[in-house]
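Please read the structure below before turning to the comments.
The values are calculated or read from the model by the stated rules, or taken from the named source; none is laboratory data. Given the structure is predicted, the values throughout are model-derived calculations rather than measurements. Cβ atoms come from the backbone with ideal geometry, glycine included; neighbour counts cover every protein chain shown.
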């Protein structure tokens, strides 16, 4: 069974507040609004969406593999999004985490040898 695409959902309590936060985070408007699902294409075959689901809000966990983590940190600072850089002594990976308004955790990992 070959997997060709990834579509990840994040449950939120307040769709309007989350729309504003994720728009700041991505630095652009959503790619698509389909009813109460609001989607951003992350890469050609990767999409993240938010949807109202108060019972599960805050339980989302997504990790993105990235290159150029320093540029991402600058973007987070300019978008006024709090973040925590993992200062562990790992020589293999740099890691930063953020939380959306509901506490859903978004993590970003960059291999040490990434450009």
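Residues are listed down the side, and each one gets a yes or a no for (1) modelled with pLDDT of 90 or more; (2) surrounded by 15 or more Cβ atoms within 10 Å (Cβ to Cβ); (3) outside any strand (DSSP E or B); (4) within 15 Å of the chain's Cα centre (by Cα):
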| residue | (1), (2), (3), (4) |
| --- | --- |
| 24 | yes, yes, yes, yes |
| 28 | yes, no, yes, yes |
| 40 | yes, yes, no, yes |
| 47 | yes, yes, no, yes |
| 50 | yes, yes, no, yes |
| 55 | yes, no, yes, no |
| 63 | yes, no, no, yes |
| 95 | no, yes, no, yes |
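Checking 77, 59, 109 one by one, the residue that is surrounded by 15 or more Cβ atoms within 10 Å (Cβ to Cβ) and either modelled with pLDDT under 95 or in a loop (DSSP other than H, G, I, E, B) (or both) is 109 and no other. Taking each residue of the range 72-83 that is in contact (Cβ under 8 Å) with a residue 24 or more places away in the chain and at positive phi and looking for partners that are part of a helix (DSSP H, G or I) and surrounded by 15 or more Cβ atoms within 10 Å (Cβ to Cβ) with beta-carbon atoms closer than 8 Å, six or more apart or interchain, yields 80/24.
Only one entry in 62, 98 is more than 17 Å from residue 7 (Cα to Cα), in contact with a strand residue (DSSP E or B) (Cβ under 9 Å, 6 or more places away or on another chain) and in contact (Cβ under 8 Å) with a residue 24 or more places away in the chain, namely 98. Could you please let me know if residue 70 is touching a strand residue (DSSP E or B) at 6+ places or on another chain (Cβ under 8 Å) and closer than 30 Å to residue 113 by Cβ? In short, no. With respect to the stated conditions, residue 84 is in contact with a strand residue (DSSP E or B) (Cβ under 6 Å, 6 or more places away or on another chain) and loosely packed, with under 15 Cβ neighbours inside 10 Å. Here is the figure for the range 97-106: residues that are assigned to a loop (DSSP other than H, G, I, E, B) and buried (at least 17 other Cβ atoms within 10 Å of the Cβ) total 3.
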